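First up is the structure itself, then whatever we jot down about it.
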Amino acid sequence: MTANLFSHLPANLANEVIQTLVSNNNISIERIISLGHTSPDGFWYDQPRHEWVMVLQGEAKVRFEGDEHPVLMRPGDAVNIPAHRRHRVEWTTPDEPTIWLAVHYGD
């Protein structure tokens, strides 16, 4: 079965959309769709698994705890986030969907 990560975008993006594409005990691959969405004030992701994430469309700013400035991510940019590395999404493009590909792996 084939799929296109840029097709079948939800019409209503009032909330960020996270769709699991493939998952088993060792790995989970997700398509995330943001439209101006950010992490809530004061919220930090602190995930038990490693995460490799790439922006496919749109732009985003990701801040890592302890860093002075967020990382600007544009199409094709990817970052590997070690387990328990606290981070948050500070900005995504408000005028077009930001499409992410996220791979969660490891114990």
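The values are calculated or read from the model by the stated rules, or taken from the named source; none is laboratory data. Note that this is a predicted model, so its numbers are computed, not measured. In this analysis, Cβ positions are derived from the backbone assuming ideal geometry, glycine residues included, and neighbour counts consider all displayed protein chains.
Odds and ends about this structure:
- Matching option when the condition is among the aliphatic types (A, V, I, L, M), out of contact with any His (no Cβ under 6 Å at 6 or more places or on another chain), within 26 Å of H8 (Cβ to Cβ) and surrounded by fewer than 15 Cβ atoms within 10 Å (Cβ to Cβ), among A60, A102, A78: A78
- Test: residue in the range 37-53 that is of a type in the set (V, I, T), farther than 18 Å from E16 by Cα and at pLDDT 95 or above: no
- Residue ID - nearest to H37 (Cα to Cα), chosen from residues in the range 61-81 that are out of contact with any Lys or Arg (no Cβ under 7 Å at 6 or more places or on another chain) and charged (D, E, K, R): K61
- Residues in the range 21-33 that are within 10 Å of the chain's Cα centre (by Cα) and not β-branched (V, I, T): E30, R31.
- Those residues of the range 82-107 which are within 17 Å of T38 (Cβ to Cβ) and among the hydrophobic types (A, V, I, L, M, F, W, C), in sequence order: V89, W91, I99, W100, A102
- The set of residues from the range 34-64 being more than 11 Å from the chain's Cα centre (by Cα) and among the hydrophobic types (A, V, I, L, M, F, W, C) comprises L35, F43, W44, F64.
- Test result for H84, in contact with a strand residue (DSSP E or B) (Cβ under 6 Å, 6 or more places away or on another chain) and either assigned to a loop (DSSP other than H, G, I, E, B) or free of Cβ contacts under 8 Å to residues at least 12 places away in the same chain (or both): no
- Contacts under 9 angstrom Cβ, first residue in the range 2-28 being more than 17 Å from T98 (Cβ to Cβ), partner loosely packed, with under 12 Cβ neighbours inside 10 Å and of a type in the set (V, I, T), 6 or more apart: S28/T20; S28/V22
- Residue count, the range 76-107 (criterion: under 22 Å from T20 (Cβ atoms) and modelled with pLDDT of 95 or more): 21
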